[in-house]
Structures are given as structure tokens and as C-alpha cells.
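In what follows, a single structure is set out as C-alpha cells and then discussed.
The values are calculated or read from the model by the stated rules, or taken from the named source; none is laboratory data. Not measured: the values here are computed from a predicted model. Cβ: placed from backbone, ideal geometry, glycine included. Neighbour counts: every protein chain shown.
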Amino acid sequence: MASQPILDCSKQMAEKGLTIAFAESATAGWLCSEFALAPESGKILKGGIVSYDASIKEYLLKVPKELVEKYTPESAEVTEEMAKRLGDLIKSDIQVAVTGLTTPGGSETPEKPVGTMFVHAIINGKSSPIRQEFTGNCEEIIHKTIDATAQLLIDGMKSV
């Protein structure tokens, strides 16, 4: 069963006749899967791309290698570019990209610790980014990111 924020978000999307697509790194498809569990999934969900490794961001999503090298694969800048380029691959009203650090071993720093997650949603052409730091283990960080993304989308759909 999808989380309540996902269920609420999916219902609102269906009521507004909106579709959604995902480009996921740190959440590795889990966000798309949560939307697939919603009763409205057949009306709203277009698909998703898991680009866990930076090379997939570059090759499939066409994120410039220079951008990844300058800002790291887990950054607001790369996440925004992923969201922008997703629309070229999967036509939808809403594009969502997610990167971040759910475990040690990435680009973490004192300013960007494990638990830092980046989400960039484009809703009918309007960008809505968030950067949040979550605590917990990998699974807890992903669950918190999923719920934060649902809330971001709910807030962003108010003007649609």
C-alpha cells in the first residue's frame, strides 16, 4: 500500500488530469513504485528511469558530464537538469528527479552529509526544487524523501 501522502497526491493528480514521470537516483525507483501502488496509477503514471550511477545520468538523460563533475552527481544542479531532460524522454505534465545521499561513500561533506536529498519537480513547466536533510538509515531516508516529494507535488499543484 502506498503511503498516505502518495495516495493524496495521486488522487489530486487524477482529478486534475495530470501525468507524471520520474528520473531517480538515490531512491532507485522506489518513488515510481509508490505511485504505481496508488489506485489512480493507470491514469497518472507514465514511467520512470533509474539513473543510480552518474554514467546513466550522462548517457541516458544527457546531463552534461561537466555539470556532474562540477557539482557532483548528488546536487541540486544535477537534479534540476535530470528533471528538465526527463521530459524529452517521457512526455508528462510533471517530471520529478531525485538525487541524494542515503548511505556513506558518495559526495558527502560536512555541508552535505548523508541524508541530504535533492528533489526537483517540474509541474506544467514550473520548477519546484527542495533540498532536505533527513536522518535515519537508508530505507528511512528514502521513505521520508518519498513523503516530502508527495507534499512538494501537492503544494505545486495548487496553482494548476
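Here V160 passes the criteria (1) closer than 15 Å to L18 by Cβ; (2) at pLDDT below 95; (3) buried (at least 17 other Cβ atoms within 10 Å of the Cβ) except the one numbered (3). Scoring Q95 on the criteria (1) within 16 Å of L18 (Cα to Cα); (2) part of a loop (DSSP other than H, G, I, E, B); (3) not hydroxyl-bearing (S, T, Y) leaves a single failure, condition (2).
Checked against (1) of a type outside the set (D, E); (2) at positive phi; (3) assigned to a helix (DSSP H, G or I), K62 passes all but condition (3). The set of residues from segment 102-121 being of a type outside the set (A, V, I, L, M, F, W, C) and either touching a Ser or Thr at 6+ places or on another chain (Cβ under 7 Å) or in a strand (DSSP E or B) (or both) comprises S107, T109, K112, G115, T116, H120. Applying the criterion of being of a type in the set (D, E, K, R), closer than 21 Å to E80 by Cα and surrounded by fewer than 21 Cβ atoms within 10 Å (Cβ to Cβ) to the residues of segment 2-54, the residue that is modelled with the highest pLDDT is K46. State which residue is surrounded by the fewest Cβ atoms within 10 Å (Cβ to Cβ) when the search covers only segment 66-107 and only residues that are of a type in the set (D, E) and touching a residue at least 12 places away in the same chain (Cβ under 8 Å). Checked segment 66-107; the qualifying residue surrounded by the fewest Cβ atoms within 10 Å (Cβ to Cβ) is D88.
Residue by residue, here is whether (1) part of a helix (DSSP H, G or I); (2) within 22 Å of Q132 (Cβ to Cβ) holds:
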{"position": "P5", "(1), (2)": "yes, yes"}
{"position": "M13", "(1), (2)": "yes, yes"}
{"position": "A23", "(1), (2)": "no, yes"}
{"position": "A28", "(1), (2)": "no, yes"}
{"position": "S33", "(1), (2)": "yes, yes"}
{"position": "A38", "(1), (2)": "no, no"}
{"position": "K43", "(1), (2)": "yes, no"}
{"position": "Y52", "(1), (2)": "no, yes"}
{"position": "E80", "(1), (2)": "yes, yes"}
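When residues in segment 122-151 are screened for being in a helix (DSSP H, G or I) and under 15 Å from A21 (Cα atoms), 3 of them pass.
Kindly indicate whether E66 is under 24 Å from K158 (Cα atoms) and over 14 Å from the mean Cα position of the chain (by Cα).
Values: under 24 Å from K158 (Cα atoms): no; over 14 Å from the mean Cα position of the chain (by Cα): yes.
Here the answer is no, as E66 does not meet what is asked.
Checking I142, I90 one by one, the residue that is out of contact with any Lys or Arg (no Cβ under 6 Å at 6 or more places or on another chain) and β-branched (V, I, T) is I142 and no other. Residues that are surrounded by 17 or more Cβ atoms within 10 Å (Cβ to Cβ), touching a Leu at 6+ places or on another chain (Cβ under 8 Å), under 17 Å from I146 (Cα atoms) and not polar (S, T, N, Q) are absent from segment 55-63 altogether.
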